[in-house]
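Heads up: the structure comes next, in structure tokens.
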Amino acid sequence: MKIFQQSTEFDYSWEEVSTSNWVKYGPWNEKTPHVIAVDTLSRTVDPATGILRTERLITCRQSTPKWINSILGGQDTSLVYETSYVDPKAKTVTLCSMNMTWSDLLNVRETCVYRPSSSAPHAKTTFQQRAEITALCGGWQKIKNSIEQFTVERFQQNAARGREGFEMVLQRAREVFAEQRDIIQLQQKSKILQEARL
Amino acid sequence: MSASLAPECNEVKERYDNCFLKWYSEKYLRGTATTDDCQGLFKQYETCLSKVLKEKGIDNMLKEAREDNRENDAEHLRPVRSLGVFAQDIHSLVQKR
């Protein structure tokens, strides 16, 4: 098993980050074209704790090199199963994901947590990511090691790009919210617009 | 918004996603959510999607993933004790001594 870990900080409040998390892979993010689809499978609020639990299915375009594809069996898309837990009181968003494709051969389990930064809880958000990668395929240890190593390196490459992409989404979301606020203010101030709304 | 893996569900998915995002930012995060405003739209989206998941055999893969995920539910579906509460506990412990 190999482990990938990293943490970073975003200059946005936890409320902004946790909202934008839902549109992280949308058109505002130009850095994740490999994510083709994001589907919500279920969503419930736990009555006892107020925790919002969401199940999602994430469809990605396969981008593994040919040598891995030939070992694990060629498929052009891969599926990821994600459950997330938002605790609005503790202000945490926890995302747990695992691979559904090739799950007999490779086990990737990732946990990400967004929480207010301890240095500036109202303005900044900390992101922690941890992934455990285990190759399960029988046979040579050397092949298992290579597959695990490749997957860890992929996580490293994606970490920087993932941050950049989410940063684009956060910025765009802030602009859109500001525009909406302006429009509402304008409507409240302008008599003509108020009458037009009626 | 992201697309659906089933193109025929894109339209209802987008309506649901917009509804959810509004509910999440304006009600849920502010602690004023009493009902799930988007339940009707979700049902429509779910009906559309589940048909395709079945056709593609993804529903069976999901059953396995859900089994594997039980420990995550056990760990994360309980309230996280906030540091504030923790600090109060320590404070009262110290006072007792």
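The values are calculated or read from the model by the stated rules, or taken from the named source; none is laboratory data. From a predicted model like this one, the values you see are computed outputs, not experimental measurements. As a convention, Cβ positions derive from the backbone with ideal geometry for all residues, glycine included, and neighbour counts pool all protein chains shown.
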*Based on what the data block shows, is residue A:189 modelled with pLDDT under 90 and either closer than 25 Å to residue B:76 by Cα or of a type in the set (Lys, Arg) (or both)?*
yes
_Meets criteria (modelled with pLDDT of 95 or more, closer than 27 Å to residue A:31 by Cβ and buried (at least 18 other Cβ atoms within 10 Å of the Cβ)) for residue A:170_ = yes
*Filtered residues of the range B:1-22 (kept if within 19 Å of residue B:55 (Cα to Cα) and part of a loop (DSSP other than H, G, I, E, B))*: B:4, B:5, B:6
*asked:* So, in the range A:85-103, exactly how many residues are β-branched (Val, Ile, Thr) and either assigned to a loop (DSSP other than H, G, I, E, B) or within 20 Å of residue A:135 (Cβ to Cβ) (or both)?
replied: 1
_Within the range B:4-27, does at least one residue satisfy the condition of being in contact with a Pro (Cβ under 7 Å, 6 or more places away or on another chain), surrounded by fewer than 15 Cβ atoms within 10 Å (Cβ to Cβ) and either at the interface with chain A (Cβ under 7 Å from one of its Cβ atoms) or touching a residue at least 12 places away in the same chain (Cβ under 8 Å) (or both)?_
no
*Leading residue by the ranking (surrounded by the fewest Cβ atoms within 10 Å (Cβ to Cβ)) among those in the range A:109-153 that are of a type in the set (D, E, K, R) and closer than 22 Å to residue A:164 by Cα*: A:153
*Can we say residue A:63 is in contact with a His (Cβ under 8 Å, 6 or more places away or on another chain), more than 7 Å from every other protein chain (Cβ to nearest Cβ) and modelled with pLDDT under 85?*
yes
*Within the range A:152-166, can one find any residue that is more than 24 Å from residue A:97 (Cα to Cα), assigned to a helix (DSSP H, G or I) and modelled with pLDDT under 90?*
no
*Considering only residues that are part of a loop (DSSP other than H, G, I, E, B) and either modelled with pLDDT of 95 or more or hydroxyl-bearing (Ser, Thr, Tyr) (or both), look in the range A:25-50 and name the one that is farthest from the chain's Cα centre (by Cα).*
A:49
_Looking at A:92, A:49, A:83, A:19 in this structure, which one is closer than 24 Å to residue B:48 by Cα and facing another protein chain (nearest Cβ under 9 Å)?_
A:83
*Does the range A:167-198 hold any residues that are within 33 Å of the chain's Cα centre (by Cα) and of a type in the set (Lys, Arg), and which are they?*
A:172, A:174, A:181
*For the range B:51-65, indicate whether the set of residues that are closer than 28 Å to residue A:14 by Cβ and either touching a residue at least 60 places away in the same chain (Cβ under 8 Å) or part of a loop (DSSP other than H, G, I, E, B) (or both) is non-empty.*
no
